[in-house]
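Scroll down for the structure; my scribbles are underneath it.
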Amino acid sequence: MQALKEYLFAQKNNYQGTVEEAFQDLAAQFSRMQDARTHLGGAALVVYFKGQKVVDIWTGKKSAEEAWQSNTPSVCYSTGKGVLATLAHILVSEGFLDYDTPVAAYWPEFAQYGKSDITLRHMLSHRSGLYDIRNIIETASEMADWPHMLNVIAQAKPRFEPTTDAAYQPLTFGWQVGGVIEKATGRPLAELMQHYLVEPLALDHAFFGVPEHQLSEVARLIPKKKQVERAVDTSAQENSQIQATKKRTETRNPSIFDRLLQLSGQNLQDFQDGMIPKGMRKFSFFSDDVLQAIIPAATGVFSANSLAKIYAMLANQGQWQGQTLITPQVFESLSKIQYKKRDRIMPLPMNWRLGYHRILTLGKSSQGFGHIGFNGSGAWCDPQRDLSFAYTHNFATGSITGDYRLWGLTQETLRCADKALKGRKGWL
């Protein structure tokens, strides 16, 4: 109820930047969704339509002392999976990789423990069986060691045979796909990103591992005022909250949500094994050390400008300003749905493509695809509408299916595009 009240009474122009007339309603909605919380963080929204940037707006704060800027980069969690997948598709187009060649052909050590038949297609569509993070490392801090984690993945045993099931890979996706990319090309992931994505698209900020000299540019979580006044250490507070939640979980009766998940056949242990490594209470995705580490499934750092431009290229089926980054044949493969049912981790069907999922809206239909992040960031493209979208922020929120603001902004973006294309917005 409080969120609804804040939305209804919010300012409609609390943002900076530019927006074309056809998308003014979207900009107003963006403002209303952020207005009451700009002291707690910042956000950015960028939209491309018919190859042109039509929305480039931002608001709020990147840190307790600094305002958000037009190109402020932020931690985007799983939104980075779509970027990593895009890089993989470019490398398939360049001939370095093939979707259906066993990964072991590029990465011999990977063949251990029954993985000799796993392919890049299996990895990208979350059908490799390698979704478990909790039982393959002793503590979350190991995730910051890229070479170590590639060895861990090479030695891991799948939880099911490839193609027999699907399970979203919240954390392991990055080491699987990033690992085979490095092994197939013989080049580091950062170098490949720079050469095949950043330079061709002239991206301002797009990192898997932030360079030390650019750490100060990254948006950080802003402690609430009471926390600052009491001088509460953030990590200590997170620890106590986690312990309290764990204690309540161990002692309380199952909630209605728990029961519904169980009745639906979803295994809560699968969710925990995929999402929560041991030792997370001592691990922060926002620390300098972790921001500099390569954890592609979780700590990709991007500006909204960079994400929207990547997806604008995808909206144009792999073409951008006279360049062919992704061939037509590869684009047809990457955009084809591989798995339609609900998988072991996600609470609703995601229609997995090769590294992307369906667009989540409030009802508006789209054949497009993209990826959301746990914090409610997200980016997507709709090739039928020649439309792309990116929303980033640094607010302390979290949901496996994205923040309601992301769903609402996505809905309005599609409606504004339809008004321009068809003369009417429509809700569905």
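Just to compare against my own numbers: the Cα pair-distance distribution for the chain, 20 Å bins, whole % per bin, please.
27, 60, 13, 0
Given a Förster distance of 56 angstrom, what is the FRET efficiency for Ala64 paired with Leu362, based on the Cβ-Cβ distance and rounded to 0.05? All intermediate terms of the calculation are to be shown ahead of the outcome.
Values: r = 33 Å, r/R0 = 0.59.
Calculated value: 0.95.
As an exercise, use a Förster radius of 45 Å and the Cβ-Cβ distance of Ser287 and Glu199 to find the FRET efficiency, rounded to the nearest 0.05.
According to the calculation, E is roughly 0.95.
Which one of Phe207, Phe369, Phe285 has the biggest mean-square fluctuation once the chain is modelled by GNM with Cα springs under 10 Å?
Phe285
As I understand it, the dipole of the stretch 1-98 uses +1 on the Cβ of Lys and Arg and -1 on the Cβ of Asp and Glu, about the Cα centre. Which of Ala22, Leu45, Gln34 lies farthest toward its positive end?
In the stretch 1-98, that residue is Gln34.
Report the charge-dipole magnitude of the stretch 1-41 in Debye, nearest 20, computed about the Cα centre from +1 at each Lys and Arg Cβ and -1 at each Asp and Glu Cβ.
Details: 4 positive and 5 negative charges, 48 e Å.
Here the stretch 1-41 has a charge dipole of around 240 debye.
Using +1 at the C-beta of Lys and Arg and -1 at the C-beta of Asp and Glu, which of Tyr311, Val152, Gly408 has the Cα lying farthest in the positive direction of the dipole of the chain?
Checked the options; the winner is Gly408.
Going by how many other beta carbons lie within 10 Å of each one, how would you line up His213, His148, His371, fewest first? Present the calculation step by step, with values, prior to reporting the outcome.
On the way: His213 7, His148 13, His371 27.
So the residues, fewest neighbours to most, are His213, His148, His371.
Note down the nm distance, to one decimal, between modelled labels 7 Å out along Cα→Cβ at Glu191 and at Thr101.
Between Glu191 and Thr101, the label points sit 1.9 nm apart.
What is the distance, in nm, between label points placed 7 Å from the Cα along the Cα-to-Cβ direction at Asn151 and at Lys341?
Distance between label points: 3.8 nm.
Taking the Cα centre of the chain as origin, sum charge times position over the Cβ atoms of Lys and Arg (+1) and Asp and Glu (-1), and report the length of that vector in debye to the nearest 20. Write down the numbers at each step before the final one.
Working: 46 positive and 41 negative charges, 338 e Å.
Once rounded to the nearest 20, the dipole reads 1620 debye.
Which of Thr401, Thr72 comes first, and how do the rest follow, when ranked by fewest Cβ neighbours within 10 Å? List each step's numbers first, then the result.
Values: Thr401 15, Thr72 27.
The order, fewest Cβ neighbours first, is Thr401, Thr72.
Where does each of 88-99, 415-426 land if you order them by average Cβ count within 10 Å, highest first?
Working: 88-99: 19.5, 415-426: 15.8.
For the peptides 88-99, 415-426, the packing ranking is 88-99, 415-426.
Measure out, as a whole number of angstrom, how far apart the alpha-carbon centroids of the stretch 278-336 and the stretch 376-428 sit.
17
Using 7 Å Cα-to-Cβ label points, what is the Leu421/Leu8 separation (nm, one decimal)?
The two pseudo-label positions are separated by 3.4 nm.
Run lengths n ≥ 4 of DSSP H only: what is the helix-derived mean residue ellipticity at 222 nm for the chain, with -39500 (n - 2.57) per run over all residues, to the nearest 500?
On the way: 15 runs with 149 residues, N = 428.
That calculation yields -10000 deg cm²/dmol at 222 nm.
If you rank Trp58, Trp407 by fewest surrounding Cβ atoms within 10 Å, what's the result?
Fewest-to-most ranking of Trp58, Trp407: Trp407, Trp58.
Per the Debye formula with a single identical scatterer at each Cα and no solvent contribution, what log10 I(q)/I(0) holds for the stretch 277-428 at q = 0.13, 0.15, 0.18, 0.21 Å⁻¹?
So the normalised log intensities are -0.66, -0.88, -1.21, -1.48.
Throughout, read-outs are computed from the coordinates displayed, never taken from laboratory work. Since the structure is predicted, the reported quantities are computational estimates derived from the model, not experimental observations. A quick note on method: Cβ atoms are made from the backbone with ideal geometry, for glycine too, and the neighbour counts reach across all protein chains shown.
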